[in-house]
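K.L.:
My questions will all concern the structure given below.
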Amino acid sequence: MTSLREKILTTASNLFQTQGINSTGVDTIVAVAGTTKMTLYKYFGSKEVLILEVLKQGHQDFQNWLNDKLSSNTKQPSEKLQKLFDYIEEWVTSPDFHGVGFIKASAEFPQEDNPVHQLSSQQSQQFKQYIHHLATEANIKDAEGLSLQLSLIFEGAVQAEQMKRGSGAIKYAKTAAKILIDGASEH
């Protein structure tokens with residue numbers, strides 16, 4: 001059984017993904033969730049707190065999914081790095097894909113001192129660090145450089161797919177990532 005807090009969080013996440021964060025008002029969230037503003041504010045305090053929770057949950061869900069995929073289907077560190085974009089492609093091409101929260105939120109909250117923008121920036125950095133960890137485990141000499149390149153490719157491809165589903169950007173990103181990984185592995 002889902003708690004009311006989880007229902008509000010899921011509803012807000014779905015609405016933010018499909019309608020945008022700034023375009024989705026609290027009235028819409030409570031109406032779709034079948035609750036009241038008082039209940040929403042009891043659990044989250046403000047719309048900003050709700051946005052931050054949605055971003056944290058979405059990022060954690062993606063990281064958990066990706067970790068599970070890599071851990072259960074690959075054994076060698078170099079294989080994990082090679083398979084990374086295979087799983088990202090699977091995620092991006094799934095019918096449930098609506099973009100990456102931290103990319104969308106940073107666009108809607110461009111002021112660097114805004115807590116939503118700051119969290120978005122942290123999550124982008126965390127994903128780059130995740131790739132760095134995979135590259136380090138795979139004994140890539142310039143793990144820092146490769147992780148920056150791959151995170152840029154990831155963010156660019158995801159942005160292109162958010163703008164136009166089926167654009168093919170993820171397929172080309174996967175090819176570019178493989179070239180970079182293969183090149184970095186040779187050194």
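Taken together, the values in this text are just the output of simple stated rules run on the coordinates, not laboratory data. If you're wondering where the values come from, they're calculated on a predicted model, not measured in any experiment. So basically every Cβ, Gly included, is an ideal-geometry build from the backbone, and we count neighbours across all protein chains shown.
K.L.:
In region 49-94, what trypsin sites (Lys or Arg not before Pro) fall in a loop by DSSP, with at most 14 other Cβ atoms inside 10 Å? Walk me through the numbers on the way to the answer.
P.N.:
On the way: sites: Lys56, Lys69, Lys75, Lys80, Lys83; in loops: Lys75.
Answer in residue order: Lys75.
K.L.:
Another one. Of Lys104/Lys164; Lys75/Lys171; Lys128/Lys164, which ones are farther than 22 Å apart at the Cα?
P.N.:
Lys75/Lys171; Lys128/Lys164
K.L.:
Ranked highest first by the average count of other Cβ atoms within 10 Å around their residues, in what order do 161-168, 102-109 fall?
P.N.:
Details: 161-168: 13.0, 102-109: 20.1.
Most protected by this proxy first, the peptides run 102-109, 161-168.
K.L.:
So, with +1 on the Cβ of K and R and -1 on the Cβ of D and E, and no other charges, what is the size of the charge dipole of region 55-124 about its Cα centre, to the nearest 20 debye? Please report the intermediate quantities before stating the final value.
P.N.:
Numbers: 6 positive and 10 negative charges, 48 e Å.
Using Cβ point charges on Lys, Arg, Asp and Glu, region 55-124 gives about 240 debye.
K.L.:
Now for a different question. Could you work out the relative contact order of region 47-185, using alpha carbon pairs under 8 angstrom and six or more residues apart, expressed as a whole percent?
P.N.:
Values: 125 pairs, mean separation 36.5, N = 139.
Once divided by the residue count of region 47-185, the mean separation gives 26 percent.
K.L.:
With n ≥ 4 as the cut-off for DSSP H runs, can you work out [θ] at 222 nm for the chain, using -39500 (n - 2.57) per run divided by the number of residues, rounded to the nearest 500? Don't jump to the answer; show the numbers that get you there.
P.N.:
On the way: 9 runs with 144 residues, N = 187.
That calculation yields -25500 deg cm²/dmol at 222 nm.
K.L.:
Which entries of Lys7/Lys47; Lys80/Lys141; Lys7/Lys80; Lys7/Lys42; Lys80/Lys178 have Cα-Cα distances beyond 23 Å here?
P.N.:
Flagged as over cut-off: Lys7/Lys80.
K.L.:
A follow-up question, please. Please determine, in degrees from 0 to 90 and to the nearest 10, the orientation of helix 115-137 with respect to the longest principal axis defined by the Cα atoms of the chain, where the helix direction is its Cα long axis.
P.N.:
30 degrees
K.L.:
Beta carbons within 10 angstrom, averaged per residue: use that to sort the peptides 25-37, 4-16, 170-182, highest first.
P.N.:
On the way: 25-37: 14.7, 4-16: 19.1, 170-182: 17.0.
Result, highest mean Cβ count within 10 Å first: 4-16, 170-182, 25-37.
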